[in-house]
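K.L.:
Sharing a structure with you now.
The values are calculated or read from the model by the stated rules, or taken from the named source; none is laboratory data. All values derive from a computational prediction rather than experimental measurement. When we count neighbours, we look across all protein chains shown, and the Cβ atoms used for this are built from the backbone with ideal geometry, even at glycine. These area figures cover heavy atoms from the full protein model, side chains too; ligands, DNA and RNA do not enter into them. Shrake-Rupley method; radii C 1.70, N 1.55, O 1.52, S 1.80 Å.
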Amino acid sequence: DGEFSDVVISAVDKSGNRYTSPSLTLAVNNDWPVVTINSPKNTSFVKNSLNVSGSISAGSGIKTLEYSMDNGETWKHLPQRSGVFAISENISSYEEGGIPLDIRVVDTQDKEAVYSAIYVKDTVAPEVKLVIPEEGDIINGENVMAFLVKDDGSYPTLQYAKSSGSPWVDFDHSSMPNKVIGGADLPLSNNMVFRATDAAGNVTTLESKDLG
């Protein structure tokens with residue numbers, strides 16, 4: 001690959017006559033254009049907006065750059081500067097679940113490449129329920145507190161804070177997140193707060209009064 005200057009093509013016919021072309025400069029590029037997504041990663045969870053950043057590599061230059069969010073039925077022009085692009089789409093009208101994204105680039109030699117990704121729209125907050133201790137139990141001192149946390153698609157993070165505005169402490173990930181509450185580090189009080197956050201950033205918060 002590269003640029004070759006002063007290329008001359010010479011041909012001889014059956015009669016021995018030689019024909020020589022004028023001096024030429026030829027650019028040879030066998031590489032295909034490449035699309036790279038920087039953020040967010042393929043299959044990431046999103047809410048009501050889709051903001052994608054990435055870059056394009058095309059050795060011979062970019063002829064067209066487009067993107068589609070309907071499996072290629074329609075395409076939109078995608079501006080780029082020095083091979084860098086950004087997509088910002090309001091997806092509040094889209095249904096929950098998978099949203100396709102295709103990015104198509106054609107270089108100046110008409111070589112085409114398509115990058116395909118899918119993002120998952122999720123605007124529903126996790127469901128959180130205290131299962132240990134049971135509703136109505138009287139607790140004092142140190143106690144194991146266990147929760148059921150449900151969400152469509154992602155695996156939420158459960159956290160504890162001794163009061164609103166205090167630092168959050170993560171529960172270990174498990175099918176039933178649990179932690180011993182009531183010690184000096186994690187006190188049992190009427191001000192404690194529990195928070196579940198899913199991969200899209202939807203949050204459910206439970207205060208002591210919500211625990212039953």
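K.L.:
Among the residues of region 163-175, which ones are open to solvent by 60 Å² or more (accessible area, probe 1.4 Å) and modelled with pLDDT under 90?
P.N.:
Taking region 163-175 as the starting set, the residues that turn out to be open to solvent by 60 Å² or more (accessible area, probe 1.4 Å) are 164-165, 167-168, 170, 172-173, 175.
Once the filter is applied, which keeps residues that are open to solvent by 60 Å² or more (accessible area, probe 1.4 Å) and modelled with pLDDT under 90, region 163-175 yields Ser164, Gly165, Asp172, His173, Ser175.
K.L.:
Another question, then. Taking the condition of being more than 38 Å from the chain's Cα centre (by Cα) and within 7 Å of Lys162 (Cβ to Cβ), how many residues in region 181-195 meet it?
P.N.:
1
K.L.:
Can you say whether Asp172 is within 30 Å of Ile91 (Cα to Cα) and out of contact with any helix residue (DSSP H, G or I) (no Cβ under 6 Å at 6 or more places or on another chain), as far as the supplied structure shows?
P.N.:
Spelling it out, it is not the case that Asp172 is within 30 Å of Ile91 (Cα to Cα) and out of contact with any helix residue (DSSP H, G or I) (no Cβ under 6 Å at 6 or more places or on another chain).
K.L.:
Would you check which residues across region 84-101 are closer than 15 Å to Val34 by Cβ and surrounded by 15 or more Cβ atoms within 10 Å (Cβ to Cβ) and list them?
P.N.:
As a first pass, look at region 84-101 and keep what is closer than 15 Å to Val34 by Cβ: 84-85.
Once the filter is applied, which keeps residues that are closer than 15 Å to Val34 by Cβ and surrounded by 15 or more Cβ atoms within 10 Å (Cβ to Cβ), region 84-101 yields only Phe85.
K.L.:
Here's another thing I want to ask about it. In the list Pro126, Pro133, which residue meets the criterion of being touching a Lys or Arg at 6+ places or on another chain (Cβ under 8 Å) and open to solvent by less than 90 Å² (accessible area, probe 1.4 Å)?
P.N.:
On the way: Pro133 fails: touching a Lys or Arg at 6+ places or on another chain (Cβ under 8 Å).
None of the others qualify; the one that does is Pro126.
K.L.:
Any residue in region 177-191 that is under 30 Å from Tyr119 (Cα atoms) and open to solvent by less than 70 Å² (accessible area, probe 1.4 Å)? Explain how you work it out, then say what you get.
P.N.:
Let us first name the residues in region 177-191 that are under 30 Å from Tyr119 (Cα atoms), namely 177.
Then drop every residue that is not open to solvent by less than 70 Å² (accessible area, probe 1.4 Å), which leaves 177.
Within region 177-191, one or more residues are under 30 Å from Tyr119 (Cα atoms) and open to solvent by less than 70 Å² (accessible area, probe 1.4 Å).
K.L.:
Identify, please: which residue in region 150-162 is touching a strand residue (DSSP E or B) at 6+ places or on another chain (Cβ under 6 Å) and closer than 18 Å to Ser208 by Cβ and is, among those, surrounded by the fewest Cβ atoms within 10 Å (Cβ to Cβ)?
P.N.:
Ala161
K.L.:
Are there strands (runs of 3 or more DSSP E) fully within region 143-212 with at least 3 residues that are closer than 21 Å to Val124 by Cβ? List them. Before the answer, list the steps.
P.N.:
Values: elements: 143-150, 157-161, 178-181, 193-197, 203-207.
In region 143-212, 143-150, 157-161, 193-197, 203-207 are the strands (runs of 3 or more DSSP E) which contain 3 or more residues that are closer than 21 Å to Val124 by Cβ.
K.L.:
Something else: Under 6 Å by Cβ, and 6 or more places apart or on different chains, what pairs join a residue from region 186-212 that is of a type in the set (Val, Ile, Thr) with one that is in a strand (DSSP E or B) and open to solvent by 40 Å² or more (accessible area, probe 1.4 Å)?
P.N.:
Sorted first by the residue in region 186-212, then by its partner, the pairs are Val193/Glu207; Thr197/Thr157; Thr197/Val203; Thr205/Arg195.
K.L.:
Return yes when Ile132 is touching a residue at least 24 places away in the same chain (Cβ under 8 Å) and under 17 Å from the mean Cα position of the chain (by Cα) and no when it is not. Before you say what the answer is, go through the steps one by one.
P.N.:
Working: touching a residue at least 24 places away in the same chain (Cβ under 8 Å): yes; under 17 Å from the mean Cα position of the chain (by Cα): no.
When the stated conditions are applied, Ile132 does not pass them.
K.L.:
Identify all residues within region 63-79 that are surrounded by fewer than 16 Cβ atoms within 10 Å (Cβ to Cβ) and over 19 Å from Asn90 (Cα atoms); write none if there are none.
P.N.:
Lys63, Thr64, listed by residue number.
K.L.:
Name the pairs whose Cβ atoms lie under 9 Å apart, with the first residue in region 138-160 and in contact (Cβ under 8 Å) with a residue 60 or more places away in the chain, the second open to solvent by less than 50 Å² (accessible area, probe 1.4 Å) and in a strand (DSSP E or B), and 6 or more positions between them or separate chains?
P.N.:
Matching pairs, first to second residue: Gly153/Gly97; Gly153/Val120; Ser154/Val120.
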